[in-house]
Amino acid sequence: MRKKFIIGNWKMHTTTAEAGRLAKAVVDGVGMEKHVVIAICPPFTCLALVGEILKGSHVSLGAQNLYPEKEGAFTGEISPTMLLDVGCKYVILGHSERRHKLGETDGFINQKVLVALAASLNVILCVGETLDQRKAGQTETVLDRQLVHGLAGLSADTLPRLIVAYEPVWAIGSTGHHAAPPQVQEAHAVIRRRFGQMFGEKAAQSLPIQYGGSVKPDNAAALLSRQGVDGTLLGGASLIADQFMAIVRAGISESRTEEQST
Ligand code: PGA
């Protein structure tokens, strides 16, 4: 049985004071919970502080990006070594905001994925189509391209440290659009099938695939109960401790149901 991953992407939010309060509330809320994997990804400026707060807890630290070099003359960038140094276990790569607002290409994302995995970070690779691409019937082609290029050259031994997040661009943030659970299930099946063609059926069955895009306490259970949905990547809801914890609880309850039925 695959574990459920509930991960918060705080994006460009929180001062250090706000981050400290939010991280403490999450740590207190999670307690000794082990049924689901929980991580939070604050902005770079808050990583060290939040890392200290998470020490000894069941909440892991993640970053929202990295630069694919160990060190050097890369003004404004952050290396995998620096992320490990402040206690990061996860890194989000290929988020649509970086693809579409900052022009990151599949090739560049691939370099980041390879370097992050080589540095023994766990990678959350985000993939997903825009509304125009969906309307044009290109969803499968886009997912296919992002997976094939984003994961080129990956060695089998690093696969256990990879998570894929399906994040349809049209459903992220306050777009007014929501992906329906059957649409999510279908896209996850496409991703798992394609991954299986690339890395084999066993690897595909072990791959955690999260869903992200306007997940809130009121739709989390419906999404998490769908076959092949192995967690959620949360933006807005991860900034409000009560909402984040409500979704963690939905993940726990779904994991327990799945445990009982296996
Ligand atoms: P959202 O963001 O939950 O605010 O839609 C999700 C994401 O971008 O990861």
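The values are calculated or read from the model by the stated rules, or taken from the named source; none is laboratory data. Remember, predicted model here, so these are calculated numbers, not experimental data. Don't worry about glycine lacking a Cβ; one is built from the backbone with ideal geometry, like all the others, and counts go over all protein chains shown. These area figures cover heavy atoms from the full protein model, side chains too; ligands, DNA and RNA do not enter into them. Shrake-Rupley method; radii C 1.70, N 1.55, O 1.52, S 1.80 Å.
Okay, residues lined up against (1) within 14 Å of the ligand (Cβ to nearest atom); (2) under 21 Å from Gly31 (Cα atoms):
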position	(1), (2)
Ala220	yes, yes
Ser225	no, no
Leu234	yes, yes
Ala246	yes, yes
Ser253	no, yes
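Check Leu159 against each of (1) among the aliphatic types (A, V, I, L, M); (2) open to solvent by 40 Å² or more (accessible area, probe 1.4 Å); (3) away from the ligand (no atom under 15 Å from the Cβ) and name the one condition it does not meet.
(2)
Within the range 120-150, work out how many residues are among the charged types (D, E, K, R) and either open to solvent by less than 10 Å² (accessible area, probe 1.4 Å) or part of a loop (DSSP other than H, G, I, E, B) (or both). Give the steps one after another, and end with the answer.
Here is the first cut: in the range 120-150, the ones among the charged types (D, E, K, R) are 129, 132, 134-135, 140, 144-145.
Subset that is either open to solvent by less than 10 Å² (accessible area, probe 1.4 Å) or part of a loop (DSSP other than H, G, I, E, B) (or both): 129.
Qualifying residue count for the region: 1.
Can you give me the number of residues within the range 99-115 that are more than 12 Å from Gly150 (Cβ to Cβ) and either open to solvent by less than 30 Å² (accessible area, probe 1.4 Å) or touching a residue at least 24 places away in the same chain (Cβ under 8 Å) (or both)? Steps first, please.
Looking only at the range 99-115, we keep the residues that are more than 12 Å from Gly150 (Cβ to Cβ), and these are 100-103, 115.
Okay, now just the ones that are also either open to solvent by less than 30 Å² (accessible area, probe 1.4 Å) or touching a residue at least 24 places away in the same chain (Cβ under 8 Å) (or both), so 100, 115.
Result for the range 99-115: 2.
Considering each of Phe195, Phe199 in turn, give the residue that is open to solvent by less than 60 Å² (accessible area, probe 1.4 Å), in contact (Cβ under 8 Å) with a residue 12 or more places away in the chain and over 18 Å from Gly94 (Cα atoms).
Values: Phe195 fails: over 18 Å from Gly94 (Cα atoms).
Going through Phe195, Phe199 in turn, the sole match is Phe199.
Scan (1) without any contact (Cβ under 8 Å) to a residue 60 or more places away in the chain; (2) outside any loop (DSSP other than H, G, I, E, B); (3) open to solvent by less than 10 Å² (accessible area, probe 1.4 Å) for the single condition Gly62 breaks and write down its number.
(1) is the only condition that Gly62 fails.
Quickly run through the range 75-118 and pick out the residues that are within 16 Å of the ligand (Cβ to nearest atom) and in a strand (DSSP E or B). Can you show your working first?
Residues of the range 75-118 within 16 Å of the ligand (Cβ to nearest atom): 90-102, 104, 109.
Passing the criteria: Tyr90, Val91, Ile92, Leu93.
Which ones in the range 29-58 are assigned to a helix (DSSP H, G or I) and either of a type in the set (Phe, Trp, Tyr) or open to solvent by less than 50 Å² (accessible area, probe 1.4 Å) (or both)? Explain how you work it out, then say what you get.
So in the range 29-58, the residues assigned to a helix (DSSP H, G or I) come out as 29-30, 44-54.
Answer for the range 29-58, where residues must be assigned to a helix (DSSP H, G or I) and either of a type in the set (Phe, Trp, Tyr) or open to solvent by less than 50 Å² (accessible area, probe 1.4 Å) (or both): Gly29, Val30, Phe44, Cys46, Leu47, Val50, Gly51, Ile53, Leu54.
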